[in-house]
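Okay, handing you the structure first.
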Amino acid sequence: MKRETFRALAEQGLILDGATGSNLMAAGMPRGVSSEDWVLEHPEVLQDLQRRYVAAGSQIVYAPTFTASHIYRKAPVAELNRRLVAVSRAAAGEAFVAGDVTTVGRPEIPYEEMLENYREQIEALAEAGVDAIAIETMMGLPETTAALEAARAVCDLPVLCTFSVSSDGMLYFGGSVLEAAQTLEALGADAVGVNCSSGPDQLESVIRNLRGAVSIPIVAKPNAGMPIIDDEGHAVYPMGAGAFGESMKRLIAAGASIAGGCCGTTPEHIAALRAVLRGGK
Ligand SMILES: [Zn+2]
């Protein structure tokens, strides 16, 4: 997708997908397995989910390439990303497919190593034919800068950068999301914002402050509420689709123009989001 096309779509309000991992687990993926390997063994489960996201209104679905990078995997990265993008592409229909990359997980990794890790994965994603690059669940600014620099070095696709933040807008590896967003805008990000983090109710002031800090589109892709830990120690996301839609309405009013869901959200949550964004159209 051309960066101008992405910008024009974002100005009209752009709908992303919802959770992948929590829905794959609900469909039988065991805890602790590599989701990339599991998806390649059960492609129809992810494809059914992504078809339901597109039917619910998602205009971009994320390929299941979250940790398909050298820092997480010994296996050849290019082939893995190519196969995973093909799984999503076969289900996406008219929707766009974003290549998904994430945090390296540790703040002490040298910048050059992060840059090479992201360059290898994003080059593979671009060659696999993705329409955009989603750099998500990021914990710090240096790793996000490395991922954006890598993307700009190997392709001219739209790049969305989203952080997992606490409700006061701080990044887990330190620093403020507002300063991070300004840096990423200056380095050529096409959109910035938050994903995962908490529920939409905790993010309204973060989104409003982001809207005031940068001029590129703002992304909101929160969880289905703050998780509750059940008796077995598993996170349960309590917010139903209707309540999620109502909360997302407030984040859109606060300045988010690109919206979706993270952990615990389903195609029903995306349908509720579409209803508030499009007024039922
Ligand atoms: Zn999440």
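Answer rounded, prolate or oblate for segment 3-278, using the Cα gyration tensor with square roots of eigenvalues a ≥ b ≥ c: rounded when a/c is under 1.5, else prolate when a/b is larger than b/c, else oblate.
rounded
Could you tell me the calculated FRET efficiency between Ala235 and Thr5, based on Cβ-Cβ distance and R0 = 35 angstrom, to the nearest 0.05?
0.45
Per residue of segment 74-86, in order, report the coupling 6.51 cos²θ - 1.76 cosθ + 1.60 (Karplus, θ = phi - 60°) as ³J(HN,Hα) in whole Hz, putting x for Gly and Pro.
7, 4, x, 6, 4, 4, 4, 5, 4, 5, 5, 5, 4
While we're here: Given H placed on each backbone N at 1.01 Å, which residues far from Val236 in sequence or on other chains put an amide H within less than 5 Å of it?
Ile228, Ile229, Asp230
Could you give me the ³J(HN,Hα) list for segment 166-183, computed from phi with Karplus coefficients 6.51, -1.76, 1.60 and θ = phi - 60°, whole Hz, x at Gly and Pro?
7, 5, 8, x, 8, 7, 5, 8, x, x, 9, 5, 5, 5, 4, 4, 5, 5
Now for a separate question. Quick one: dipole size for segment 21-99, taken about the Cα centre, charges +1 on Lys/Arg Cβ and -1 on Asp/Glu Cβ, in debye to the nearest 20.
140 debye
To the nearest 20 Debye, how big is the dipole of the chain about its Cα centre, given +1 on the beta carbon of each Lys and Arg and -1 on that of each Asp and Glu?
Here the chain has a charge dipole of around 800 debye.
Determine the calculated [θ] at 222 nm for the chain from helices alone, applying -39500 (n - 2.57) to every DSSP H run no shorter than 4 residues and normalising by the residue count; nearest 500 deg cm²/dmol.
So the calculated ellipticity at 222 nm is -14000 deg cm²/dmol.
Still on this structure: What order do you get for Val97, Val77 when you list them from fewest to most C-beta neighbours inside 10 Å?
Lowest to highest Cβ neighbour count: Val77, Val97.
Right, next: Report the label-to-label distance for Glu179 and Ala86 in nanometres (one decimal), using points 7 Å from each Cα along the Cα→Cβ vector.
4.6 nm
Using the beta-carbon distance between Ser34 and Gln12 and R0 = 25 Å, what value does 1/(1 + (r/R0)^6) give for FRET efficiency, to the nearest 0.05?
0.10
Report the extension gain between Met25 and Ala186 in nm, rounded to one decimal, defined as 0.36 nm multiplied by the number of residues separating them, less their alpha carbon distance.
Stretched fully, the Met25-Ala186 segment lengthens by 54.1 nm.
Let me ask another. Got a sec? How would Thr102, Thr183, Thr5 order by Cβ neighbour count within 10 Å, fewest to most?
Going from least to most buried by this count: Thr5, Thr183, Thr102.
Just report the Cα centroid separation between segment 80-123 and segment 261-281, whole Å.
Using only Cα atoms, the two centres lie 25 Å from each other.
With θ set to phi - 60°, apply the Karplus curve 6.51 cos²θ - 1.76 cosθ + 1.60 along segment 35-47 and write out the HN-Hα couplings as whole Hz, x wherever there is a Gly or Pro.
Values, residue by residue: 5, 4, 5, 5, 4, 5, 7, 10, x, 5, 5, 5, 5 Hz.
Pick out, from Gly188, Ala253, His234, the residue whose Cα sits farthest towards the positive end of the charge dipole of the chain, with +1 on the Cβ of Lys and Arg and -1 on the Cβ of Asp and Glu.
Final value for the positive-end residue is Ala253.
Name the residues of segment 58-95 whose amide N is less than 11 Å from a point 7 angstrom out from the Cα of Glu127 along the C-beta direction?
Under 11 Å, as judged by backbone N against the label point of Glu127, lie 77-82 of segment 58-95.
If you rank Glu94, Glu204, Glu116, Glu11 by fewest surrounding Cβ atoms within 10 Å, what's the result?
Final ranking by Cβ density, sparse to dense: Glu94, Glu11, Glu116, Glu204.
Each value in this text was obtained by applying a stated rule to the coordinates, not by laboratory testing. Not measured: the values here are computed from a predicted model. Cβ atoms come from the backbone with ideal geometry, glycine included; neighbour counts cover every protein chain shown.
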